[in-house]
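**Q** Before I ask anything, here is the structure I am working with.
The values are calculated or read from the model by the stated rules, or taken from the named source; none is laboratory data. Everything numeric here is computed off the predicted structure, so don't read it as measured data. Note that we place each Cβ from the backbone using ideal geometry, even for glycine, and neighbour counts take in every protein chain shown.
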Amino acid sequence: MIIRNRDLIVPIALGCVIALLSPVAPGWAQMDGGYSRTAMYTIRNERGVQVPMRDGARLSTDLYFPDGAPEPLPTILVRTPYNKEDPASNRVDVATFVGQGYVVAVQDIRGRFESQGRYTVRVGERTDGYDAVEWLSTQPWSSGKVGTFGCSYRGETQLTLAAARHPSHVAGIPMAPSGGYYSPGRPWGSFNGGVFELAQTAGWFIGNPSKVHYGPPEWVDRE
């Protein structure tokens with residue numbers, strides 16, 4: 001299931017993930033015709049886990065676990081070019097998902113921040129996303145179900161991944177992906193009627209498509 005209208009995201013995003021990834025949601029209580037969420041678990045994290053891709057590159061991934069939750073567990077994956085260590089820029093409430101019994105995996109995409117490889121805008125997202133889902137869904141603690149979440153570029157990575165049709169990718173919530181349409185009726189993108197859209201893209205491309213690798217040199221032990 002893919003949900004693209006960001007006006008609907010706030011009330012239904014968590015509900016869709018819960019419905020598709022888990023048969024029950026003990027942390028949601030009905031009150032006065034609505035629902036409120038109560039955190040059932042605290043966070044245990046493993047930072048900088050090196051997830052292997054098919055070409056040998058390793059993508060740095062922070063894993064957040066619901067401490068004490070019975071396994072196997074479903075996973076929420078966020079793939080970002082904006083530094084996985086910055087929750088504000090990634091717009092994901094890790095505590096909300098973890099509190100309901102989900103593992104949250106936030107991954108620096110290829111060539112960004114702590115991840116290996118060469119970064120090129122929107123190149124390799126299908127295979128890297130597929131390999132990330134494959135790794136997550138086959139971990140000993142995993143239920144084999146992976147949902148994805150995120151806005152803008154993080155939404156675009158979900159649409160690309162969805163086209164690969166990994167059987168474990170059971171839910172996607174791409175908010176305002178750059179390939180999506182917004183209220184004036186045309187997409188946010190690099191081109192408008194065949195003309196490069198400087199007003200929208202110049203600032204982003206100045207700061208975000210850097211190919212500088214922020215990880216340690218290859219000859220330095222990551223530990």
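**Q** Among (1) surrounded by fewer than 19 Cβ atoms within 10 Å (Cβ to Cβ); (2) under 16 Å from Leu63 (Cβ atoms), where does Gly99 come up short?
**A** If we test Gly99 against (1) surrounded by fewer than 19 Cβ atoms within 10 Å (Cβ to Cβ); (2) under 16 Å from Leu63 (Cβ atoms), just (1) comes out false.
**Q** Right, something else. Tell me, which strands (runs of 3 or more DSSP E) lie completely within the stretch 70-152 with 2 or more residues that are in contact (Cβ under 8 Å) with a residue 60 or more places away in the chain and not β-branched (Val, Ile, Thr)?
**A** 73-80, 142-151
**Q** Here is a further query. Please specify each residue of the stretch 47-68 satisfying the condition of being surrounded by fewer than 19 Cβ atoms within 10 Å (Cβ to Cβ) and more than 13 Å from Val106 (Cβ to Cβ).
**A** Gln50, Pro52, Arg54, Asp55, Gly56, Ala57, Arg58, Asp67, Gly68 - these are the residues of the stretch 47-68 that are surrounded by fewer than 19 Cβ atoms within 10 Å (Cβ to Cβ) and more than 13 Å from Val106 (Cβ to Cβ).
**Q** Being among the polar types (S, T, N, Q) and outside any strand (DSSP E or B) is the filter; apply it to the stretch 26-69 and report the residue that is modelled with the highest pLDDT.
**A** That would be Thr42.
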